[in-house]
1. Between a residue in the range B:95-110 that is more than 21 Å from B:A50 (Cβ to Cβ) and any residue that is in a loop (DSSP other than H, G, I, E, B), which pairs come within a Cβ distance under 6 Å, given they are 6 or more apart or on different chains?
2. Enumerate the strands (runs of 3 or more DSSP E) found wholly within the range A:313-375, keeping only those where 2 or more residues are in contact (Cβ under 8 Å) with a residue 40 or more places away in the chain and β-branched (V, I, T).
3. Could you tell me whether any residue of the range A:130-142 is of a type in the set (D, E, K, R), closer than 28 Å to A:H32 by Cβ and buried (at least 23 other Cβ atoms within 10 Å of the Cβ)?
4. If I filter the range B:143-165 for residues that are outside any loop (DSSP other than H, G, I, E, B) and at pLDDT below 75, do I get at least one hit?
5. Restricting to the range A:221-242, name every residue that is at the interface with chain B (Cβ under 8 Å from one of its Cβ atoms) and part of a loop (DSSP other than H, G, I, E, B).
6. Scan the range B:48-66 residue by residue and report those that are more than 10 Å from chain A (Cβ to nearest Cβ) and in contact with a Lys or Arg (Cβ under 8 Å, 6 or more places away or on another chain).
7. Does at least one position in the range B:112-125 carry a residue that is more than 8 Å from chain A (Cβ to nearest Cβ), part of a loop (DSSP other than H, G, I, E, B), at pLDDT 90 or above and in contact with a strand residue (DSSP E or B) (Cβ under 8 Å, 6 or more places away or on another chain)?
8. If you take the residues of the range A:24-56 that are assigned to a strand (DSSP E or B) and β-branched (V, I, T), which of them is surrounded by the most Cβ atoms within 10 Å (Cβ to Cβ)?
Amino acid sequence: MSMHIEQKLPSYRSESKAMGLDPMVINLGPSHPAMHGTIRIKAHLEGETIVFADVEMGYLHRGFEKTAEAKTWNQVVPYTDRLNYVSPIINNVGYALAVEKLIGIQVPERGQYVRLIMSEISRITDHLTCIGASAMELGAFTAFLYFIKSREYFWQLIEEVTGARLTISYTRVGGITSDLTPDFKERFAFCAAELEKAMAEVDGLLSRNRIFLDRMDGVGVMDRERSISYGFTGPLLRAAGVPYDVRKAFPYLVYDRLQFEVPTGSKGDNLDRYHVRMEEMRQSLSMVRQALQQMPEGPVNVADPRYVLPEKKEVYGNIEALMNHFKLLMPGHGIRPPQGEVYFPVEGGNGELGFWVISDGSDRPYRVRVRPPCFPLMAGVEEMILGEQVADLIPIFGAINMIAGELDR
Amino acid sequence: MSESALYQRLAESLGLQGLQEEDLGTVKALVVPAASWSAAAQWLQQQGFAMLVELGAADYSKHPLPHPGRFAVAAHLMALPGFERACLKAYLPAESPALSSLCGLFAAANWYEREAWDMFGIDFKGHPELKRILMYEGFEGHPLRKDYPLGRMQPLIPMREAVDYELVRQAARRAEGGA
């Protein structure tokens, strides 16, 4: 047990020891209705206070990194969907950007804007799920329904463009599978209006709600120093007052052309996390609006036959395109990035999502390592819940927005 | 990139010579000898690199290019408030790869190092509790090593008895000499 944990638990242990009381052990998970995803927290309680917690993960380990080594570069994309299944497009984009950096290509301007727009929509759905679900766990079922309804509109929008709702596999190395639909702007305007309505309602329901504030304010505090030491990124780090956002610090795609703010909190408690996420959704909406305005016409995919499949009508119509198609799909051929390695961070829904990609020059990745944003957050949970009531474990866990898919890979 | 100047100062103050740099696309990595691993991290921490953003490992045994060792561990650090990045990389031999743990410097290192141990069998000296994290107790081998076959089956582990916490409590009371 670290020094910080000892400090956080000043007298509980000695007091109850003097009274001859033993802690009660409660197992939450791996399959528990209040735990999103499979994870086990073994909490030792004295009264209702958590005096010791053991977090055990790995129940959803599917060997993503090992599997990726046996697939071709583009075949890895569907597996990245399953990392963070609440905002899959950000994962797709992060992986594609890492491989493209390795090859040294850049998608055309319109493609970058489309990727950005779809990433931001994905981020909105991620935050909607997180806030909606954690509000529901505090009894605010209405907020959950409002947000899930809004999320549904956005998922329909995503479905219009990509053909899928959840496991989207939207990007390929060198491009995307489909451009935005012609009526995307109007459809987005409708979804955005619905979201703003829902956010105003939820804001009114929660932000000054006494019950909600009592459960969130000052609960699950992780201060600035400890958040930094634990390697927190994303909304949790920003809630602790560090304005770190990969989109601002290391701009990728065309984020440097957009105006947006990085919201921060001050205390690093659950309430700050809620406010940061709410504000980020507003920023994302504004980003998509700006991007839709700036977006030029033109191709979305790299015009390089070594990486991008030719149009289907060309494949069926002329021999060069047919050969090109087979050259890209036959085992042992396909995309061959040069030998080397790249670490590429993007801002995921929960923080920095990094892909460390190593190529040995063949058509399969030599190694794909994911830096999942949840991983350091879950490492910090143990310290975060110590000294809290057992009932507060659920909102703290909800505010972390753990996604077992990316945590366990 | 501005990392090279920083790395030069690092090498000078630690008295290391002839260090290589590797390009990771978005950041340059400094290859440090395994013996200076934690000293280099500590030096960077003193320069303001307060955050261990990422620590990952790789196995280069099947890579066509020659590498200074079979395994590599890469640690990405970030300075605040300017968000400068730095990356340290250490190569380790195939036989009993080991590094000194960064747990004393960064709280984040604990789980990252457990994962590197679980997946690659890299030992981190001084880690408080180096046990498996993604795999279960009783798993044989380290799955992300290149010599671990993709389809390998694991032996069945015996059914574990559920822990009766009442017995544990009684034992604890007896150990403390109580009733």
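The values are calculated or read from the model by the stated rules, or taken from the named source; none is laboratory data. This structure is a prediction, so every number in the text was calculated from the model and none was measured. Cβ: placed from backbone, ideal geometry, glycine included. Neighbour counts: every protein chain shown.
1. Final answer for the pair search is B:P97/B:I122.
2. Values: elements: A:340-347, A:352-359, A:365-371.
Fully inside the range A:313-375 and qualifying: A:340-347, A:365-371.
3. So in the range A:130-142, the residues of a type in the set (D, E, K, R) come out as A:137.
Going one step further and asking which of them are closer than 28 Å to A:H32 by Cβ, we end up with A:137.
Remaining after also requiring buried (at least 23 other Cβ atoms within 10 Å of the Cβ): none.
Checked against the condition, which is being of a type in the set (D, E, K, R), closer than 28 Å to A:H32 by Cβ and buried (at least 23 other Cβ atoms within 10 Å of the Cβ), the range A:130-142 yields no hits at all.
4. So the first thing to find is which residues in the range B:143-165 are outside any loop (DSSP other than H, G, I, E, B), and the list is B:165.
Among the residues that remain, those that are also at pLDDT below 75 are: B:165.
Yes, the range B:143-165 contains a residue that is outside any loop (DSSP other than H, G, I, E, B) and at pLDDT below 75.
5. Of the residues in the range A:221-242, the ones at the interface with chain B (Cβ under 8 Å from one of its Cβ atoms) are A:226, A:228-231, A:233, A:242.
Of everything in the range A:221-242, those that are at the interface with chain B (Cβ under 8 Å from one of its Cβ atoms) and part of a loop (DSSP other than H, G, I, E, B) turn out to be A:Y230, A:G231, A:T233, A:V242.
6. The first filter runs over the range B:48-66 and keeps only residues more than 10 Å from chain A (Cβ to nearest Cβ), leaving B:48-49, B:61, B:66.
Matches in the range B:48-66: B:S61 only.
7. yes
8. Start the filter on the range A:24-56 by keeping residues that are assigned to a strand (DSSP E or B), which leaves A:24-28, A:40-46, A:49-56.
Restricting the remaining residues to those that are β-branched (V, I, T) gives A:25-26, A:41, A:49-51, A:55.
Numbers: A:V25: 15, A:I26: 15, A:I41: 23, A:T49: 18, A:I50: 25, A:V51: 19, A:V55: 20.
Result: A:I50.
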